Amino acid sequence: MAAVDKYNVESAEILANSALHLPITQAAPIYEQLLTIFPTAAKYWRQYVEAQMGVNNDDATKQIFSRCLLNCLHVPLWRCYIRFIRKVNDRKGVEGQEETRKAFDFMLSYVGADIASGPIWMEYIAFLKSMPAVNTQEETQRMTAVRKAYQKAIVTPTHHIEQLWRDYENFENSVSRQLAKGLLSEYQPKYNSARAVYRELKKYVDEIDWNMLAVPPTDSCKDQMQWVAWKRLLAFEKGNPQRIDSASNKRIIFSYEQCLMYLYHYPDIWYDYATWQAKSGSMDAAVKVFQRALKALPESEMLKYAYAELEESRGALQSAKKLYESLLGDAAETTALAHIQFIRFLRRNEGVEAARKYFLDARKSPSCTYHVYVAYALMAFCLDKDPKVAHNVFEAGLKQFMHEPVYILEYADFLSCLNDDRNIRALFERALSSLPQEESIEIWKRFTQFEKTYGDLASMLKVEQRRKEALSGTIEEGASALETSLLDLISRYSFKDLWPCSSKDLDHLSRQEWLSKNIGKKVDKSALSNGSAMTDKSTSAPSGVPTASLKVLRPDTSQMVIYDPRQHHGTTVPSNTTTAILAAPNLSNPMATVVGAASNPLSNPIVSMVDGVSSKAFDEVLKATPPALSAFLAGLPSIEGPAPNVDIVLSICLQNDYPTVQTKKATSLPSQRTAGPAPSTSDLSGSSKSHPIPSNSSFRPRDRQLGKRKDQDRQEEEESTTVQSQPLQRDAFRIRQMQKARGGSASQTGSVSYGSALSGDLSGSTC
């Protein structure tokens, strides 16, 4: 594989599949190449070792197992290992069985906590049961070994935990029912706890891709999701869900080791693992983790600093010093940060003279930048309390880094701490005389801020004028920089986040300044209206003016359209439709245009944003507006914001007489009743039921008179119901006020009755 694509997963899979069909002599170089790139790929190790086992190459098989087993805690690979051990030891008789038992114990100590280790426990127990027992003592030892294996297996959260519990019950009952009762009652709670933990653990395990290859971190969604899945699993194990103190750390270590098989190139996982070991009190284990991490990621400066910090914290100064020296490495490849951190390390542990000596050597290095001078000067000033040495270091660096504006500013900050305003002015003057015009902008800005703090009014105004003259030729300032603006005054009389004007005024002044700078240019009208040109990088502000108010992103209102639900997506607008005008600076009521265009069913939903409005187009819109709507729009006051207050609109509606449409009165009720029997009030509500009259019943005169009386009562009731059911005229404004007044009680009781004589509506309940 090419070096630039060595972590290509697809290419690796193709090579691994091709090796399956090749003789071992030809496949071995392919496997070695793959495993050099993916040293924790358990499936490739297993494929490689099975190829060696297929040709009975025992020596090569043992060598491969010695290279991969401890770094690949993968159950299928370990089962392959135990299969090889059993095959080799089966010919050795009793001695071979003892070797196999030790191999089982060795395997279970590493992968016995795996959620997929159930078959391993079953195989181990079956192996123990098959061991021969010559006498009673050996039989007792065998039963004891089987019992211990069962008792370890049933407290381990695995996929086969329920099957193992049933087997354990059968085993104990087969040995002694009386003894089984006590043992089973003792281990029943532990088994229940392990089974509950298994159900929770399975949720985390199912999110992990166990066939994933260890590749460097990428931005792919799959890799990020796998990182999250492993983080969740580690957090779950750290919570010690089984509340077992002795086995908790082993399970966490096992989870970290499995995680590193797949996130081998993630420095944060290595760091978390090492720091967890250190916090657990295992400093030696933490050191070993860092050593493995640097072997996996030899170019990681972060891990080297973390390892050196651990060694320094536990007093291993020589080991820490070697790590810092390894960061220095070749003089051509050494970074300025490595110099700075080594100086700090020497200052902490070997004293001021050792740090000073190394600084004198480091300043001769080609990789020494102004950062080294600043760091050492601040160290001498803050830690050694020696401002004279710090001043000398800054002066020495000024000879070499006068062209660096950042170094000038750091030096100025140091002098500000000394309250040395004379040397600060001298420093600014020296820097401005040597720096090119384009690189002196920040220096001028800091100079004006300095005069605001240390100078008087005359010096402040003088520096501002000099700044304008010096920067008038730059692209940022332009020729308009020579003019005096109100923004300069705002800059002089502001302090931190306090301003002598409102944000609205500041935005207005910034826009005016932009217009003045571009007055000679041909500017698009849309840029002036929506302020999009304010986001240009060439926009600048005087020192102290916040740039947030200058770079305001405004919507392009020329693209606004009126929503029309009748127009489907993708349909074309007829050419003869009327174009509505959204914004008209010469109109007293801009809403009338939008509402009028929306109310016309033939109008074009597209709204154009222009500076001048055609009177003909506006007349067309007014012609299409209904009279009632025109009267309503004429009575609207001028408003601010995207929408008016609904209560104000309703009050205007109540105070004006708009043209109304007279509704026709309903026809007389008797004509309606002739069509059929009129329902009663209970029939309207749906509560009454029909009662059929039996055919064999006879009607008496008294019954007939009673029926007539009932019909008259029903008729009167229906007439009264009809009169009451006619809706009264609604006072919308009063209804809204009543609803608002009842809003407080509605939030407490959860129910508000909106029916009243004002609305004529039936009583309703809202939750």
Taking the criterion of being at pLDDT below 95, surrounded by 16 or more Cβ atoms within 10 Å (Cβ to Cβ) and not in a helix (DSSP H, G or I), would at least one residue in the range 235-243 satisfy it?
yes
Within the range 126-176, restricting to residues that are more than 45 Å from the chain's Cα centre (by Cα), of a type in the set (K, R) and closer than 28 Å to A196 by Cβ, the one that is least open to solvent (accessible area, probe 1.4 Å) is R147
Is it the case that E299 is surrounded by 15 or more Cβ atoms within 10 Å (Cβ to Cβ), within 30 Å of T40 (Cα to Cα), without any contact (Cβ under 8 Å) to a residue 40 or more places away in the chain and of a type in the set (D, E)?
no
Matching residues in the range 433-449 - criterion: being in contact (Cβ under 8 Å) with a residue 24 or more places away in the chain and open to solvent by 30 Å² or more (accessible area, probe 1.4 Å):
S434, Q437, E438, E439, I441, E442, K445, R446, Q449
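Results for (1) buried (at least 20 other Cβ atoms within 10 Å of the Cβ); (2) at pLDDT 95 or above; (3) among the charged types (D, E, K, R); (4) at negative phi, shown as yes or no for each residue.
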residue	(1), (2), (3), (4)
S282	no, no, no, yes
V289	yes, yes, no, yes
L294	no, yes, no, yes
R314	no, no, yes, yes
Does K385 satisfy the criteria of being at pLDDT below 95, out of contact with any Leu (no Cβ under 8 Å at 6 or more places or on another chain) and more than 30 Å from E464 (Cα to Cα)?
yes
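Which is in a helix (DSSP H, G or I) and in contact with a Pro (Cβ under 8 Å, 6 or more places away or on another chain), of A274, A293, A229, A286?
Values: A274 fails: in contact with a Pro (Cβ under 8 Å, 6 or more places away or on another chain); A229 fails: in contact with a Pro (Cβ under 8 Å, 6 or more places away or on another chain); A286 fails: in contact with a Pro (Cβ under 8 Å, 6 or more places away or on another chain).
Within the list A274, A293, A229, A286, the selection yields A293.
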Considering each of L328, L360 in turn, give the residue that is surrounded by fewer than 18 Cβ atoms within 10 Å (Cβ to Cβ) and of a type in the set (A, V, I, L, M, F, W, C).
L360
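Select from the range 481-497 the residues that are part of a helix (DSSP H, G or I) and open to solvent by 30 Å² or more (accessible area, probe 1.4 Å) and write down the one among them that is modelled with the lowest pLDDT.
First, pick out the residues of the range 481-497 that are part of a helix (DSSP H, G or I): 481-482, 486-492.
Checking the rest, the ones that are also open to solvent by 30 Å² or more (accessible area, probe 1.4 Å) come to 482, 486, 489, 492.
Working: L482: 55, L486: 84, L489: 86, R492: 86.
The qualifying residue modelled with the lowest pLDDT is L482.
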Verdict on A214 being part of a loop (DSSP other than H, G, I, E, B) and small (G, A, S):
yes
State all residues of the range 81-115 that are among the polar types (S, T, N, Q) and surrounded by 14 or more Cβ atoms within 10 Å (Cβ to Cβ); if no residue qualifies, say none.
N89, Q97, T100
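Surrounded by 17 or more Cβ atoms within 10 Å (Cβ to Cβ), of a type outside the set (A, V, I, L, M) and assigned to a helix (DSSP H, G or I) - does that describe any residue in the range 68-76? Walk me through how you get there before you give the answer.
Step one: of the range 68-76, the residues surrounded by 17 or more Cβ atoms within 10 Å (Cβ to Cβ) are 68-69, 72-75.
Applying the additional criterion that residues be of a type outside the set (A, V, I, L, M) yields 68, 72, 74.
Then keep just the ones that are assigned to a helix (DSSP H, G or I); that gives 68.
Scanning the range 68-76, I find at least one residue that is surrounded by 17 or more Cβ atoms within 10 Å (Cβ to Cβ), of a type outside the set (A, V, I, L, M) and assigned to a helix (DSSP H, G or I), so the answer is yes.
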For residues that are acidic (D, E) and part of a helix (DSSP H, G or I), tally how many sit in the range 175-211.
2
Specify the residue that is nearest to the chain's Cα centre (by Cα); the eligible residues are those in the range 405-454 that are more than 24 Å from V389 (Cβ to Cβ) and part of a loop (DSSP other than H, G, I, E, B).
S440
Considering the range 339-357 alone, what residues qualify as being in contact (Cβ under 8 Å) with a residue 24 or more places away in the chain and open to solvent by less than 90 Å² (accessible area, probe 1.4 Å)?
H339, I340, Q341, I343, F345, R347, N349, V352, A355
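Across the range 326-363, which residue is farthest from Y376 (Cα to Cα) among those that are small (G, A, S) and part of a helix (DSSP H, G or I)?
Going through the range 326-363, the residues small (G, A, S) turn out to be 326, 329, 331-332, 336, 338, 351, 354-355, 362.
Next, only the ones that are part of a helix (DSSP H, G or I) stay: 326, 336, 338, 354-355, 362.
Details: S326: 21, A336: 12, A338: 13, A354: 12, A355: 9, A362: 11 Å.
Step by step, filter the range 326-363, then rank; the result is S326.
The values are calculated or read from the model by the stated rules, or taken from the named source; none is laboratory data. Please read all numbers here as calculations on a predicted model, not as lab measurements. Cβ sites come from the backbone with ideal geometry, for glycine too, and all protein chains shown count toward neighbours. Heavy atoms of the whole protein, side chains included, go into the accessibility calculation; ligands, DNA and RNA do not. Shrake-Rupley method; radii C 1.70, N 1.55, O 1.52, S 1.80 Å.
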